[in-house]
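Nothing in this text is a laboratory measurement; each read-out follows from the coordinates by a stated rule. None of these values were measured; they are calculated from a predicted model.
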Amino acid sequence: MKREATHMQTYLKLLSAIVLVVGLGSAIIIYLTAEKDSDNAAGYEVVGGGLYPSAPENSRMYERDLELYGGKAAVLANEFRYWFTGLWHGRALAITIAGIAIIISVVIFFVCAHLPSVIISNDPDANNRRGKYFNP
């Protein structure tokens with residue numbers, strides 16, 4: 001008996017490669033064209049003679065008030081929210097897209113590697129049963 005790869009395995013390998021190339025290509029283009037990440041500056045602070053952008057939600061007073069009203073869980077939820085929304089802007093978006101493309105490509109390739117192969121038998125009558133697959 002010899003094994004023969006199904007057309008589905010070939011298509012899935014091709015799909016895995018396409019997803020990887022398109023995803024990484026898009027990530028590279030986004031990374032090269034994205035501007036540096038900037039905070040949502042609502043104002044500016046003067047520190048040591050320099051002018052720096054500042055957002056009110058990054059101040060200690062804001063975090064203290066948030067903890068006072070909502071507790072530590074509110075502070076952690078707020079930090080998670082800013083982290084998660086930061087994944088979808090600028091260069092972080094490129095890294096996110098590259099990661100998602102790699103994960104999807106690996107999953108497709110893993111599924112492809114574990115598909116059952118068609119077994120060709122020496123018995124000519126057995127080869128006519130196209131719906132039967134053998135998973136070793």
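Taking 0.36 nm per residue of separation and subtracting the Cα-Cα distance, full extension of the segment from Glu79 to Tyr11 would add 20.3 nm.
Taking amide H as placed 1.01 Å from N in the peptide plane, Ser54 has its amide H under 5 Å from the amide H of Ala42, Gly43, Tyr44, Glu45, each at least 5 places away in sequence or on another chain.
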